[in-house]
Amino acid sequence: MTPLVQSGRISLFAGYADLNTGSDSSKNQADYSLRSHGGLLGVRARANSKLTLGFFAGIDSGTADATYLNSTITGNAFGLFGVYTPKADGRLVATASVTAGDYKAHGTRATASGTSVFNHVDSTDYVGQVGVKYLAVRTPDYYLQPELQLVYNHAETDHFNETNAADALQALHVAGISAPGVHLNAAVNGGYALTDSLGLTANLGVSQDLDHAYRKVSANVIGESTVFSVRAPGMGTTQINVGVGANYSLTPQLVLRASYEAGFSSDAKTSSSFFIGTALSF
């Protein structure tokens, strides 16, 4: 058995993903919960026997909630990726991708008097990734494939003003936020063929934040010049990830995929992500 690959020169793919996570490290009610779900469509094409290139586009919506804050976020993401297999045996695989996302948020913040409202808050997120995989064990029934990834991301949120109909002194001007980060991910992926059509997969990995997990947010009361800052808690610098999945081939060209992954960190709630998708090769 080998990891799932396209059987034709061109492959179309689509999927739906759901993520539920959040921080769990604050001692002053500053923890937050994140929920996101969305879909993607993409195409990958084999340029030659060694190189495959692809493109995808996705839509995303979700929420970011805390003790006194509720917000809704929607956006779009686009990405390019490449897969390079330098040797004919296919054991060594190099990967690279770039993704850009554009998002808008609106929501409310509970205050001492009334509710502050914010709208049309723009943000962007750019992610670059390089990785390498090696098919260490390959038999007709199962495989084991270690993987190493280096991920860089840069998220920015524009400055914005709140409004508060009950008490204007409770409305804030929130400064723009720039948050770069680097992660190193290591994992072991495996699979087992139950039948010619059905295969089970599993992965065990660790993700290490090489920067810092927290984010500093600065603001001032609208009409006043004094600026104060608060530190939004992060979700820990080290996370352990455990995942399971299944692939089912309706035909040699049409494959269905479902997977679930849980993440564990000392400073975060247990994260859960679910994905279902399909790929058609021709």
| query | From the list G277, G205, which one is under 30 Å from L41 (Cα atoms), at pLDDT 90 or above and in contact with a Phe, Trp or Tyr (Cβ under 9 Å, 6 or more places away or on another chain)? | reply | G277
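Okay, residues lined up against (1) at pLDDT below 95; (2) under 24 Å from T238 (Cβ atoms); (3) assigned to a strand (DSSP E or B):
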residue	(1), (2), (3)
Y103	no, no, yes
G107	no, no, yes
S113	yes, no, no
S123	no, no, yes
Y126	no, yes, yes
V132	no, yes, yes
P140	yes, no, no
A179	yes, yes, yes
N185	no, yes, yes
| field | Candidates G234, G223, G263 - the one that is in a strand (DSSP E or B) and either under 30 Å from P180 (Cβ atoms) or small (G, A, S) (or both) | value | G263
| request: Of all residues in region 70-102, count the ones that are under 22 Å from the mean Cα position of the chain (by Cα) and farther than 23 Å from V43 by Cα. | output: 5
| field | Test result for T85, out of contact with any Pro (no Cβ under 9 Å at 6 or more places or on another chain), of a type in the set (S, T, Y) and surrounded by 15 or more Cβ atoms within 10 Å (Cβ to Cβ) | value | yes
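Yes/no matrix, rows are residues, columns are (1) in contact with a Pro (Cβ under 6 Å, 6 or more places away or on another chain); (2) open to solvent by 30 Å² or more (accessible area, probe 1.4 Å); (3) more than 22 Å from V188 (Cβ to Cβ); (4) β-branched (V, I, T):
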{"residue": "A202", "(1), (2), (3), (4)": "no, yes, no, no"}
{"residue": "D209", "(1), (2), (3), (4)": "no, no, no, no"}
{"residue": "N220", "(1), (2), (3), (4)": "no, no, yes, no"}
{"residue": "V227", "(1), (2), (3), (4)": "no, yes, yes, yes"}
{"residue": "E261", "(1), (2), (3), (4)": "no, yes, no, no"}
| note | For region 50-82, the count of residues that are open to solvent by 60 Å² or more (accessible area, probe 1.4 Å) and either under 27 Å from L148 (Cβ atoms) or in a strand (DSSP E or B) (or both) equals 9
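The values are calculated or read from the model by the stated rules, or taken from the named source; none is laboratory data. Quick caveat, the model's predicted, so the values are computed rather than measured. Please note: Cβ atoms are built from the backbone with ideal geometry, for glycine as well, and neighbour counts cover all protein chains shown. Areas reflect the complete protein model, heavy atoms only, side chains present, ligands, DNA and RNA absent. Shrake-Rupley method; radii C 1.70, N 1.55, O 1.52, S 1.80 Å.
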